Amino acid sequence: MKITQTALAGTLESSDLLVKIEPSEQLEIVINSDVNKQFGKQIRHVVESTLASLNVNNGLIIIDDKGALDCVITARIQSAVLRASKDKAQWSELL
Amino acid sequence: MIEPTFKTFSGINDQVVLDSIKNLLQSVNLNLDPNLDHIIVGIVEKEIIACAGLDHNVIKCVAVHPNYQGSNITLSLINQVLELAHDKGLHHLFLYTKPENVHLFKACGFYPIAQLPGIITLMENTPVGISHYCNTLVKQKKSGTCGAIVMNANPFTSGHLYLAEQAAKKVDWLYIFVVSEDASLFSSEVRYKLVKEGVSHLKNVIVLPGSAYIISKATFPSYFLKEQTLIEQSYMAIDLLIFRQYIAPALSISKRFVGTEPYSEVTNAYNQAMKEWLQSEDKSTSPTITVIEIARVTHDDDVISASRVRSLLMQKKYQQVHALVPPSTWAYIEQHYAIKNQ
């Protein structure tokens, strides 16, 4: 999916994360997490694989994580991408 | 854990609410900024215990009552502000805070840009904002001695042209940044176009659109205030520090040119602040930038300035305007103002 507009999903509450996506030529991911030391690698893996499953190849993805579970991270990224793109979602791909 | 309810105000008529916000701000040594578009308050048991204001894309006046500090209310509060701003289409946000509170806002996804130790820190809600901007600047980088002028050019006059010509003689390359904030009579697009046309004969001049990082509502809020009495020294310092620490190094700018300012108090104070914040060794670890003031050119015993041109335009004295602007600006004015032969 092509990122065409700025979108937000999530919150800054504990156990959640705020995902901000902006249009950009390249794909760039910035992760800022309270638990970066312990789970930084795992978080990045979840973020990258979620974006890959949605075919996102461009955009600036900024994540402020407050210790969210993997399933929450996936859900928030999916919402943010759907809001940031004019392409129709392939719902079967999101499950 | 206390969960406050949040409420957004766009202009407050209720004196009781206003007073309690003022009291709350006072309890953390802040004053209510008169230019806020929106104020979000957090309420616990009918008491206002937290507030944050939004002035266009700048978050100001953030306060949490001392009894409620340390309970993560700042996160919920800023979250409300982020959503409100996003709804208004404002995505790139700035925030002013005291340096000792920077860590609170780092936790909300804000990153520091420039700081006056002990006084104020400017933060933005992206980790890559200013670095991306500098990367776009680096593409324009030239070798040799480089200078810069920052101008609003509202509109571009023969005075601006003179300043550009004089400055261009003193350096190998001259960058002209045109302030991009749309708070002037002429739109930023028109101002940029007229500067570009006006200096097109100068082969070593590169005209660049300004950005949120050069004399914008974020870096220098008081520049755009109608009443020019309030001169916020600290804002000016932040604006100049950003220029010195990010923009000038990206383009190897070692000189900044400016016209002498006989009338506008704000511009004059900015010129003075420039000498202090760009030239002093002890204000920043970034290389110093020499500030060069060039005397304004005059016509009919008075300096040529954009404000003089604007006032003549208001009075419909177009022939007098003609004498103060270069042909390219005149062509635009002729086209867009109903000018009859006088």
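The values are calculated or read from the model by the stated rules, or taken from the named source; none is laboratory data. Being a predicted model, the structure only gives us computed values, none of them experimental. Reconstructed Cβ throughout: ideal geometry from the backbone, glycine too, with neighbour counts over all protein chains shown. Side chains are part of the model used for accessible areas, which takes the heavy atoms of the whole protein and leaves out ligands, DNA and RNA. Shrake-Rupley method; radii C 1.70, N 1.55, O 1.52, S 1.80 Å.
Protein heavy-atom accessible surface, 1.4 Å probe, per residue over chain B: 46 Å².
Averaged over the residues of A:5-14, the number of partner chain Cβ atoms lying within 10 Å of the residue Cβ comes to 4. Rolled with a 1.4 Å probe across the full set of protein chains, the surface gives B:Leu313 an accessible area near 10 Å². Accessible area per residue was computed with a 1.4 Å probe on protein heavy atoms; A:Arg44 scores about 90 Å². Taking chain B as a Gaussian network of alpha-carbon nodes connected by springs under 10 Å, the highest mean-square fluctuation of the residues B:Thr288, B:Thr219, B:Thr145 belongs to B:Thr145. Think of each Lys and Arg Cβ as +1 and each Asp and Glu Cβ as -1; about the Cα centre, that makes the dipole of the protein assembly as shown roughly 1200 debye. Entry note, chain B: relative contact order of 13 percent, from Cα contacts under 8 Å with a spacing of 6+ residues. Relative to one another, the C-alpha centroids of the stretch B:132-176 and the stretch B:242-293 are positioned 13 Å apart. Once Rg and the Kirkwood radius are both taken over the C-alpha atoms of chain B, their ratio Rg/Rh works out to 1.02. Dipole of the stretch B:54-134 computed with +1 at Lys/Arg Cβ and -1 at Asp/Glu Cβ about the Cα centre; of B:Gly118, B:Val58, B:His103, farthest Cα towards the positive end is B:Gly118. Note that the stretch B:25-160 shows a convex hull volume over its alpha carbon atoms of 173 Å³ per residue.
For chains B and A, what's the summed buried accessible area, probe 1.4 Å, to the nearest 100 square angstrom?
The B and A chains share an interface burying roughly 1400 Å².
Considering only B:Ala269, A:Ile77, B:Gln140, the residue lying farthest towards the positive end of the dipole of the protein assembly as shown is B:Gln140, judged by Cα position with unit charges set on Cβ.
Here the accessible area is traced with a 1.4 Å probe on the protein chains. For the protein assembly as shown, carbon and sulfur cover 49 percent of it. Measuring heavy-atom accessible area with a 1.4 angstrom probe and counting protein chains only, the residues of the stretch B:59-77 that give up at least 40 Å² relative to the chain alone are B:Leu75. Between B:Asn13, B:Asn31, B:Asn23, the residue with the greatest mean-square fluctuation in the GNM of chain B (Cα pairs under 10 Å linked by springs) is B:Asn13.
Using a probe of 1.4 Å on the protein chains alone, the accessible area found for B:Val138 is around 70 Å².
Please report the antiparallel percentage of DSSP beta bridges with both residues in chain A, rounded to the nearest 5. Could the numbers behind the result be given before it?
Values: 11 of 18 bridges.
Around 60 percent antiparallel, to the nearest 5.
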